[in-house]
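A short write-up of the structure that comes next.
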Amino acid sequence: MTPAVEIWWIWVAAGVGLAAVEIVVPGFFILPFGVGAIVAGLLAYAGLGVEVQWAVFAVVSGVLSAFSLVITKRIIKKQPGATGSNRMVGTRGLITIAVDNLKNAGHVRLGGELWRAESESGGDIPVGVVVEVVAVSGIRVVVREVETE
């Protein structure tokens, strides 16, 4: 056997090892190198030279890394904005029952929904004041007064 053929198992072992590491590491940045190593191992088994093996490893790893980057960008771009109750953050509403954090009282109308409210500053907010939601805490929204012009 030629030296190129004798090292095929090193490439394959490296590829399998890198694929195994990918399982415990977040993201897909190691897997392309594992696939590149396995392809290089197959070429070594076929008897191609070490230079060819390294070149193919580099090309396959680079192409797969670039491809995974493109796919990742598309997936991230399609993520929806805030969902559930977090969609309320940044919206404005009108206080319908005075907010008093000490008495655990207060309601705000946000769109067509009535939410329990608490003041961000801890102070009272009277009825009729326009507020903005700064956070959602359980089934309550945390609000602050908005300066009206």
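Taking the stretch 114-149 as the search range and keeping residues that are surrounded by 11 or more Cβ atoms within 10 Å (Cβ to Cβ) and charged (D, E, K, R), which one is nearest to Asn86 (Cα to Cα)?
Selected residue: Arg140.
All but one of (1) of a type in the set (A, V, I, L, M, F, W, C); (2) crowded, with 18+ Cβ neighbours inside 10 Å; (3) in the same structural domain as Ile7 (by TED's automatic domain parsing) hold for Phe67; which doesn't?
(2)
Considering only the stretch 5-36, state which residues are at pLDDT 90 or above, aliphatic (A, V, I, L, M) and over 25 Å from Lys73 (Cβ atoms).
Ile10, Val12, Ala13, Ala14, Val16, Ala20
Considering every residue within the stretch 65-81, establish whether at least one is in contact (Cβ under 8 Å) with a residue 24 or more places away in the chain and under 19 Å from Arg144 (Cβ atoms).
Looking through the stretch 65-81, none of the residues is in contact (Cβ under 8 Å) with a residue 24 or more places away in the chain and under 19 Å from Arg144 (Cβ atoms).
Considering every residue within the stretch 49-71, establish whether at least one is of a type in the set (Ser, Thr, Tyr), farther than 30 Å from Glu132 by Cα, assigned to a helix (DSSP H, G or I) and modelled with pLDDT of 90 or more. Full working, then the answer.
Start the filter on the stretch 49-71 by keeping residues that are of a type in the set (Ser, Thr, Tyr), which leaves 61, 65, 68.
Those still in the list that are farther than 30 Å from Glu132 by Cα too: 61, 65, 68.
Among the residues that remain, those that are also assigned to a helix (DSSP H, G or I) are: 61, 65, 68.
In the following step, the residues that additionally are modelled with pLDDT of 90 or more were identified as 61, 65.
The answer is yes; a qualifying residue exists.
What about Asn86, is it in contact with a Gly (Cβ under 7 Å, 6 or more places away or on another chain) and among the polar types (S, T, N, Q)?
Numbers: in contact with a Gly (Cβ under 7 Å, 6 or more places away or on another chain): no; among the polar types (S, T, N, Q): yes.
Here the answer is no, as Asn86 does not meet what is asked.
Filter the stretch 72-127 down to residues that are outside any helix (DSSP H, G or I), on the phi > 0 side of the Ramachandran plot, modelled with pLDDT under 90 and of a type outside the set (S, T, N, Q), then give me how many there are.
Just the residues of the stretch 72-127 that are outside any helix (DSSP H, G or I), to begin with: 78-83, 89-127.
Those still in the list that are on the phi > 0 side of the Ramachandran plot too: 90, 104, 106, 111, 122.
Cutting the leftovers down to modelled with pLDDT under 90 gives us 90, 104, 111, 122.
From the residues that got through so far, the ones that are of a type outside the set (S, T, N, Q) too are 90, 111, 122.
Of the residues in that region, 3 qualify.
The values are calculated or read from the model by the stated rules, or taken from the named source; none is laboratory data. Remember, it's a predicted structure, so these values are computed and weren't measured experimentally. All Cβ positions, glycine included, derive from the backbone under ideal geometry; neighbour counts span all protein chains shown.
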